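Right, one structure below, let's go through it.
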Amino acid sequence: ACTKSEDTGGGGGSTPGTGGAQVAQTGAADGPTCDLEQYGAEELDLSNAVVGFSQSEKEANPFRIAETESIKAEAAAVGVKNLLTTNANSQLNKQISDIQDMINKGAQALIVAPLNSDGLEPALDAARAKNIPVITVDRKLNAEPCQDYVSFLGSDFVEQGKRAAQEMAEALGNKGKVAILLGTSGNNVTTDRTNGFVDEMAKIAPDVEIIAQQTGEFARDKGQQVMEQIIQAQPDINGVYAENDEMALGALVALRSAGKVPGQDVQVVSVDGTRGAVQKVVDGEMYAVVESNPRFGPLAFETLQTFLSGEPVQQDIVISDKLYTKENAADEVGNAY
Amino acid sequence: MEAVLAATSIGKRFPGVVALSDVDLTLRAGEVHALVGENGAGKSTLIKVLTGVYTPDDGTLEYLGERKRFARPLDAQAAGISTVYQEVNLVPLQSVASNVFLGREPRNRFGLLDFRAMNAQATQLLDSYGIRVDVTRPLRTLGMGVQQMVAVARAAATEARVVILDEPTSSLEPREVDTLFAIIERLRADGVAVLYVSHRLDELYRICDRVTVLRDGRLVHSGAMADLPRLKLVAMMLGRDLEEVQREGATKFEGEHAAGQAPVLAASGLSAKHRLDDVDVTVRPGEIVGLGGLLGAGRSETVMAIAGALPLDSGEVNVDGKRLRTGSVAAAMRAGVVMLPEDRKADGILPDLSVRENIALAALPRLSAAGLVSRRRQDSIVDTFMKRLRIKAASPDQRVGELSGGNQQKVLLARLLCMQPKVLLLDEPTRGIDVGAKAEVQALIDELAKDGLGVVLISSEFDEVVEGSDAIVVLREGKVVTRLEGDNVNEAALLAALAEDSRDD
Amino acid sequence: MTEVVAAPRANAGTRAWLRDNGVYAAIVVLVAYNLIFTENFATMANLSTQLVQVAPVLIVALGMALVIGTEGVDLSVGSVMAIAAAILPLYLGYGVLPAVLLALVAGGLCGALNGTLVAVVGIQPIVATLALLVGGRGLALVFADGQMTVIQNDSLLGLGTGELLGLPVIVWLAAALAALVWLLVRYTTFGRQLVAIGGNRSASALAGLPVRRVLMTTYVISGVLAAVAGIVATARLTASDPSAIGNLYELSAITAVVVGGTPLSGGRVRILGTVAGAVLMQMITATLIKHNLPDSTAQMVQAAIIVLAVYLQRSRAGGGQ
Amino acid sequence: MTRAERLAGLVQRRGSIVVLALVVLIASVSFDAFPTIDNAQNIAIQSSFLAIVALGMTFVIISGGIDLSVGSVYALGGVLAAYGIQFGSLVGLLLPLVVCGAIGLLNGVLVAYGRLAPFIVTLATLLGARGLLLAITDEGSTTRLMDREDWLTQLGQGTFLGLGIPVWITIGLFAVGVVVLQRTRFGHSTLAIGGSREAAALMGLPVARNTMLLYVGSGMLAGLAGALAAAYSASGVTIVGEGLELDAIAAVVIGGTLLTGGAGTVGGTLAGVLLLRVIQNVINQVGTLSSHYQSVVSGAFLAVVVAVQSYLSRAHLRGGKR
Ligand SMILES: Nc1ncnc2c1ncn2[C@@H]1O[C@H](COP(=O)(O)OP(=O)(O)OP(=O)(O)O)[C@@H](O)[C@H]1O
Ligand SMILES: Nc1ncnc2c1ncn2[C@@H]1O[C@H](COP(=O)(O)OP(=O)(O)OP(=O)(O)O)[C@@H](O)[C@H]1O
Ligand SMILES: [Mg+2]
Ligand SMILES: [Mg+2]
């Protein structure tokens, strides 16, 4: 009935204040590209175009709020005539119809934050039928770039999991017992962040034992409840890897009320980079946060504009992930979303 | 005559109750067999055991010479036993025709239901039983009497070897009863075995060949109807001495009450679209006013309107000279007007609640202080009325759904009486009640009237209305035809008033 | 006429006993299992954790039990929790009391809306409250502007973490509310009328009961209790999270009520059973997490246990619907 | 029945269509992009999956029951179709029907023979089916794709006379549904069981078997809808179907079916589904409503539509009650 929030994204350089735009990973710029001719679309000036943005989940968590805001702000900055926005409320079928509805309403270019890597085919077909360029953000589609869509902007979730594992291994001195708070079951992000973490940990610190993997459904209260249970059953736990900040913040509450001192007795690492979590790094309660920058607006519109003016764009624009640790958190907390 | 259905040593227990123990029953082809007994004697239970609604704890069943045990009503029906269970048991939202043919609807050559044929056959069937209704109407828009006839028609229309009728006449008028008996005669002539349950003894002697008497779940007698004098039958049912019964009369009404002067209830100009047209009823304290009429005459509607349960287009109700807000049951109750609904099952009892709660239900506010129910006051009032109405229940905590029909009715009466009413509106108060209980209820009504209550009485049994009432308001199609008073309150006058309108049909 | 059977047959007796006490038996079995197989189970801290976690579900379930007693259902409770949670931080500036009061009033208003749709307009409860389930969470997010707010107010946080006589305040609160609702059902006119209306609405109306008023009050109580649960959950989370708080609580609450032996067909309310039902479901969740079962297995095990618990308690008349 | 009663009855039964027509009219006037053929095609295909689920739900609700498991079963059906297609298209089609039918059978047996409350039984299978789905997809992490060329996939993606094949399947199923409900003993018995289960049993209708079959049907239809949706998107996505049961129930009730059972129409359900979908389309036509307000608007709309329905239906009932 109700939907769970989850967040994903790519990190990048940031400017103070409201935070910075994303920066593409250097070195990735020599991948395959896509241009108008290959894709079969027409040249178009964005300022005067109708652009559609399909959001996947309710703007009810920092990541989604920041993502939608960033797109809207940039659309205004670029001078897009009409920005249509829809929200699929975590329902795949709704996202398909949302995209079809926007195409039908005259959208000339689309920015899509896919709910799932698979299953959007009918929507992509509809765009294809009218040769409307589609840029996907934050989650990669299992589809043919430059054919089903133009290009993808976002980060590598497996990589995020790996980096979290590296931080955790470092925090624990390569030895200890770790619990994972999983995201929603069946979500690609959950799968990637879990696999990245587990595989990397097995490789770099085989003595770190993963003693529990339970879903906290990307929500703070669930994270707290699950943590409370785990900590009762396994009081000798040393580390918690939360697949998003919300669950990590919930876990902190649980740890504290169980008499543990987070940051000393138990090390917590999570992925996201919301301001609340980065502040906890500053406070020393969390060991590290792998950032995911949701501010896709500038990069998305820039990519779109480049493409629509006839020049080639990268098919895969992987964003460089930032890391918040003790060293930089205090300086960077202002940039967190 | 061959035995079609023979039950031997049937026993059935419910938690805390032995409903049947060691009961035998034999039905022969072409006989009408009466099954009698007090309320709660186990008649309905026996029928349900025979037809697969309940599984017996003991005993065997032989049907057409073979040992059988029906697991479901469906099996019994498929084997040729068709039953009208006590209380109308049809589907209210469905049309009359659907109800008649449910489960064996006529189909066309594609295997699809043939509604035209169904409606035509239903109309014809009901017509042949003297029931003229629009068969496409939802059943619930019809009165209880018509519903009961539809149920009987449904049962009689199948090619059955056994037809079981559990109190089919409780909502029927004499005229409908005649129709029903014609149907039964036809069944008998066709060699069908009929099991017939009724509390109306006259009917039994009119139609039945043999009789089986139950008391407290046990068999007390089985034999030819004609060999059993009426008084003996009653004595056997009640388990009392013959002389004791002899001393008591037919109905317990004593007639003529000393009525007060100013009417306690004056309803005038009651009108509701299609149903009531300018009906006036006045009742003085201590007076019993009967409502006469045939099926659908609007008697139930009249009392519902007075009790605030039927929204009115116009008309007013005055109690003790004070005008009542119409359309509100609570307002009527506060003014002292209470109604016993016609449909005990749907509108009366709360089957899952205890006897105590059912009785105290309406009086709860006055049995409580600051919203808290006083258990002591509740118990005392419940106790009083259980004793006064002689309600037979294992304890005040027994579920009302488990009581026999008669006792359920008494529980409802008790509910009304705890409200210390000024006016009692009784819609078929003795329907489905055994002779003993009926006499008690009648005596009670009499007594209440003597105590100064105004009573409006509806009954399908003419002798009850005539003997009980001080005046009779005769209704037809929602209009008052006449008001019989004084010496005019007799059966001949009532029949005359009714005959007058049947001529217009 | 009737004869009291002295010794009911053993078989029937066991079944009858299970029907009335199945939940309690299940709890005992589960506790026994955990005592043997789960590490660190028999600790005060664990007891306290389980009780704290069950508290908000229980509080919602109490209201739900009343609504179900009237032959209704309230799907909106989770969203009402979210609305209460969203309102808290908006008014905490004026102090805890005004904020809490306003949240409770909002819950009551939601209940009144449900009550109006059900009792006055005559919409079937499941759909009437579905509307608020859908719209209510949106409303909560509108109030909160989609944001989660960290709670800084000490008194409110104290509600979440404080202890009294060795048990968390929240647990005492839930227990007190359960006792209150139990008394309400058993000893008040309102409670008896509620059950009667659930048992046979038309008969109750003809008996002059204030059907509309009772229904309305019932939904308001459910709304207020949901708001209480929302406040409790917020205090415990130390943050107001209108997007997540109360998610799927309607199903947990209904499950607790039904597993506790209150029939969905109305006319009967078992408050003690509801408490036990909520505790049982909590124990199941806890057991599954503590043994680190994957989500898939956990969901299937829960399904099986729900069916089993309800099967054991099915009523003799078997009113399936 | 008087003519007024008949008319009232008609409006009650067709109330959802009246409301649908109104909404469509207003939307057509207000939004240029609404009354286009493309948009109509979109609405049709987007409605079809929910419609198939709601069809089964209609029968279950008419019988006085409810089936909360359909959302999970729908998701399971899709996953199974994508899984089964590797063994052949027919397997891909039959596997979801069989497994989802089996879940329906479990519901049916527990409800009809076990005499358990359908709400709680199907709530349990809602969990159970989701658990099964997660178990066969490696906790939801495996998404199987369906070959575009396969005829099973084409069942979801193909078009005929401008309409998607799922739309034609839906139309066909609803036509069958109308006939089954109105013109067969099975449908007639279903109405009777919903009207009064006890009476239906005493009248000798095969209540238990009939009830069980309804749940089997609901399970199979939900599975079929899931399979078609998977074919439509060419992948067995694991995260679909959450909350679908509530949409289906809402559509059925908006369509004029009584949740207490005993009365309802198949056509009304179709109108109910279309109404829900048109509302969503209209919200997208506005195009700038925040997601929070979208929920508020849908909730409010639901309340209004059902209130209007309920008003119409009570006007109908008032005409006849004793
Ligand atoms: N389902 C049940 N559960 C428990 N007790 C029952 C049940 N059905 C009937 N009884 C009890 O069995 C006894 C016989 O009831 P039954 O309905 O057969 O009486 P009856 O002879 O038909 O009476 P009436 O003339 O009032 O219809 C009564 O004491 C009744 O309370
Ligand atoms: N024979 C009939 N044909 C058609 N409609 C009928 C018939 N009998 C009753 N009705 C319908 O039933 C409705 C209500 O009847 P109701 O039961 O209130 O009358 P009544 O005088 O109380 O008779 P009783 O209570 O003995 O059945 C009437 O409005 C009428 O439309
Ligand atoms: Mg009987
Ligand atoms: Mg009448």
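The values are calculated or read from the model by the stated rules, or taken from the named source; none is laboratory data. All of these numbers come straight from a predicted model, not from anything done at the bench. Here the Cβ positions follow ideal geometry from the backbone for every residue, glycine too, while neighbour counts run over all protein chains shown. Only protein heavy atoms, including side chains, enter the accessible area calculation; ligands, DNA and RNA are left aside. Shrake-Rupley method; radii C 1.70, N 1.55, O 1.52, S 1.80 Å.
Just to verify a result, which residue in the stretch A:314-332, among those that are farther than 19 Å from A:SER70 by Cβ and touching a helix residue (DSSP H, G or I) at 6+ places or on another chain (Cβ under 6 Å), is surrounded by the fewest Cβ atoms within 10 Å (Cβ to Cβ)? Outline the logic, then answer.
First pass over the stretch A:314-332, keeping only residues farther than 19 Å from A:SER70 by Cβ: A:314-316, A:323-331.
Keeping just the survivors that are touching a helix residue (DSSP H, G or I) at 6+ places or on another chain (Cβ under 6 Å) gives A:324, A:329-330.
Values: A:TYR324: 30, A:ALA329: 23, A:ALA330: 14.
Per the criteria, the residue is A:ALA330.
Among residues of the stretch D:76-91 being among the hydrophobic types (A, V, I, L, M, F, W, C) and within 19 Å of D:GLN154 (Cα to Cα), the one that is most open to solvent (accessible area, probe 1.4 Å) is D:PHE87.
Of all residues in the stretch D:181-201, count the ones that are open to solvent by 20 Å² or more (accessible area, probe 1.4 Å) and either touching a strand residue (DSSP E or B) at 6+ places or on another chain (Cβ under 6 Å) or not aromatic (Phe, Trp, Tyr) (or both). Working first, answer last.
Restricting attention to the stretch D:181-201, the residues satisfying the condition of being open to solvent by 20 Å² or more (accessible area, probe 1.4 Å) are D:182-186, D:191, D:195-198, D:201.
Of the ones still in play, those that are also either touching a strand residue (DSSP E or B) at 6+ places or on another chain (Cβ under 6 Å) or not aromatic (Phe, Trp, Tyr) (or both) are D:182-185, D:191, D:195-198, D:201.
The total comes to 10.
With the condition kept exactly as written, say whether any residue in the stretch B:399-409 is touching a Phe, Trp or Tyr at 6+ places or on another chain (Cβ under 9 Å) and either within 16 Å of ligand 2 (Cβ to nearest atom) or modelled with pLDDT of 90 or more (or both). No, the stretch B:399-409 has no match at all.
For the stretch C:280-297, what are the residues that are open to solvent by less than 40 Å² (accessible area, probe 1.4 Å) and either touching a residue at least 12 places away in the same chain (Cβ under 8 Å) or closer than 16 Å to C:PHE37 by Cβ (or both)? Residues satisfying the conditions are C:LEU280, C:MET281, C:GLN282, C:MET283, C:ILE284, C:ALA286, C:THR287, C:LEU288, C:ILE289, C:LYS290.
Checked against (1) within 16 Å of ligand 1 (Cβ to nearest atom); (2) of a type outside the set (A, V, I, L, M); (3) surrounded by fewer than 22 Cβ atoms within 10 Å (Cβ to Cβ), B:SER404 meets all criteria but (3).
Taken over the stretch C:249-290, residues that are within 12 Å of the chain's Cα centre (by Cα), hydrophobic (A, V, I, L, M, F, W, C) and closer than 23 Å to C:THR234 by Cβ amount to 8. The one condition from (1) surrounded by fewer than 24 Cβ atoms within 10 Å (Cβ to Cβ); (2) away from chain A (no Cβ under 14 Å) that D:LEU155 does not meet is (2). Only one entry in C:VAL171, C:VAL228, C:VAL220 is open to solvent by 40 Å² or more (accessible area, probe 1.4 Å) and within 20 Å of the chain's Cα centre (by Cα), namely C:VAL220. Considering the conditions (1) open to solvent by less than 50 Å² (accessible area, probe 1.4 Å); (2) away from chain D (no Cβ under 14 Å), C:TRP182 is excluded by exactly one of them, (1).
Considering only the stretch B:193-204, how many residues are at pLDDT 90 or above and in a helix (DSSP H, G or I)?
Kept after step one, since they are at pLDDT 90 or above, are these residues of the stretch B:193-204: B:193-197.
Imposing the further condition that a residue be in a helix (DSSP H, G or I) reduces the set to none.
Counting residues in the stretch B:193-204 that are at pLDDT 90 or above and in a helix (DSSP H, G or I) gives 0.
Pull up the stretch B:1-39, narrow it to residues that are hydrophobic (A, V, I, L, M, F, W, C) and within 12 Å of chain C (Cβ to nearest Cβ), then point me to the one that is farthest from ligand 4 (Cβ to nearest atom). Looking at the filtered set, the residue picked out is B:VAL18. Residue pairs whose Cβ atoms lie under 9 Å apart, separated by 6 or more positions or on different chains, with the first residue in the stretch B:129-154 and of a type in the set (D, E, K, R) and the second in a strand (DSSP E or B), are B:ASP134/B:SER95; B:ARG137/B:SER95; B:ARG154/B:SER82; B:ARG154/B:VAL84.
Regarding the stretch A:160-180, can at least one residue be identified that is within 14 Å of chain D (Cβ to nearest Cβ), surrounded by fewer than 24 Cβ atoms within 10 Å (Cβ to Cβ) and touching a residue at least 24 places away in the same chain (Cβ under 8 Å)? For the stretch A:160-180, residues within 14 Å of chain D (Cβ to nearest Cβ), surrounded by fewer than 24 Cβ atoms within 10 Å (Cβ to Cβ) and touching a residue at least 24 places away in the same chain (Cβ under 8 Å): absent. Might you check whether a residue that is out of contact with any helix residue (DSSP H, G or I) (no Cβ under 6 Å at 6 or more places or on another chain), on the phi > 0 side of the Ramachandran plot, surrounded by fewer than 24 Cβ atoms within 10 Å (Cβ to Cβ) and at pLDDT below 90 occurs anywhere in the stretch B:9-31? The answer is yes; a qualifying residue exists. For C:SER243, the test of being free of Cβ contacts under 8 Å to residues at least 24 places away in the same chain and not basic (Lys, Arg) is failed.
Here is a check on your reading of the model: is D:VAL121 surrounded by fewer than 23 Cβ atoms within 10 Å (Cβ to Cβ) and free of Cβ contacts under 8 Å to residues at least 40 places away in the same chain? No; evaluated as a whole, the condition is false for this residue.
Tallying residues that are modelled with pLDDT of 85 or more and surrounded by 17 or more Cβ atoms within 10 Å (Cβ to Cβ) within the stretch D:1-22 yields 1.
Which of the residues belonging to the stretch D:202-241 are assigned to a loop (DSSP other than H, G, I, E, B), closer than 30 Å to C:ASP295 by Cβ and over 14 Å from the mean Cα position of the chain (by Cα)?
At the first step, the residues of the stretch D:202-241 found to be assigned to a loop (DSSP other than H, G, I, E, B) are D:203-206, D:234, D:236-241.
Okay, now just the ones that are also closer than 30 Å to C:ASP295 by Cβ, so D:234, D:236-241.
Answer for the stretch D:202-241, where residues must be assigned to a loop (DSSP other than H, G, I, E, B), closer than 30 Å to C:ASP295 by Cβ and over 14 Å from the mean Cα position of the chain (by Cα): D:ALA234, D:GLY236, D:VAL237, D:THR238, D:ILE239, D:VAL240.
Of the residues B:ALA156, B:ALA78, B:ALA117, which single one is open to solvent by less than 20 Å² (accessible area, probe 1.4 Å) and part of a helix (DSSP H, G or I)? Quick ask: steps written out before the conclusion?
Numbers: B:ALA78 fails: open to solvent by less than 20 Å² (accessible area, probe 1.4 Å); B:ALA117 fails: open to solvent by less than 20 Å² (accessible area, probe 1.4 Å).
Exactly one residue qualifies, and that residue is B:ALA156.
For B:LEU361, indicate whether it is more than 16 Å from ligand 2 (Cβ to nearest atom), within 13 Å of chain C (Cβ to nearest Cβ) and of a type outside the set (Asp, Glu). The answer is yes for B:LEU361. Could you please let me know if B:ALA267 is facing another protein chain (nearest Cβ under 9 Å), modelled with pLDDT of 85 or more, within 16 Å of ligand 2 (Cβ to nearest atom) and touching a helix residue (DSSP H, G or I) at 6+ places or on another chain (Cβ under 7 Å)? Judged against the criteria, B:ALA267 is not a match.
Which helices (runs of 4 or more DSSP H) sit wholly inside the stretch B:405-505 and have at least 1 residues that are in contact with a His (Cβ under 9 Å, 6 or more places away or on another chain) and either touching a residue at least 40 places away in the same chain (Cβ under 8 Å) or away from ligand 4 (no atom under 16 Å from the Cβ) (or both)?
On the way: elements: B:405-417, B:435-450, B:462-468, B:491-504.
Answer list for the stretch B:405-505: B:405-417, B:435-450.
Listed conditions (1) of a type outside the set (Gly, Ala, Ser); (2) more than 14 Å from chain C (Cβ to nearest Cβ); (3) within 14 Å of D:ILE283 (Cβ to Cβ) are all met by A:GLU42, apart from (3). With respect to being at pLDDT below 90 and open to solvent by less than 20 Å² (accessible area, probe 1.4 Å), C:ILE123 fits the description.
Can we say D:LEU275 is buried (at least 23 other Cβ atoms within 10 Å of the Cβ), in contact (Cβ under 8 Å) with a residue 24 or more places away in the chain and within 20 Å of D:PHE31 (Cβ to Cβ)?
On the way: buried (at least 23 other Cβ atoms within 10 Å of the Cβ): yes; in contact (Cβ under 8 Å) with a residue 24 or more places away in the chain: yes; within 20 Å of D:PHE31 (Cβ to Cβ): yes.
So D:LEU275 passes the test.
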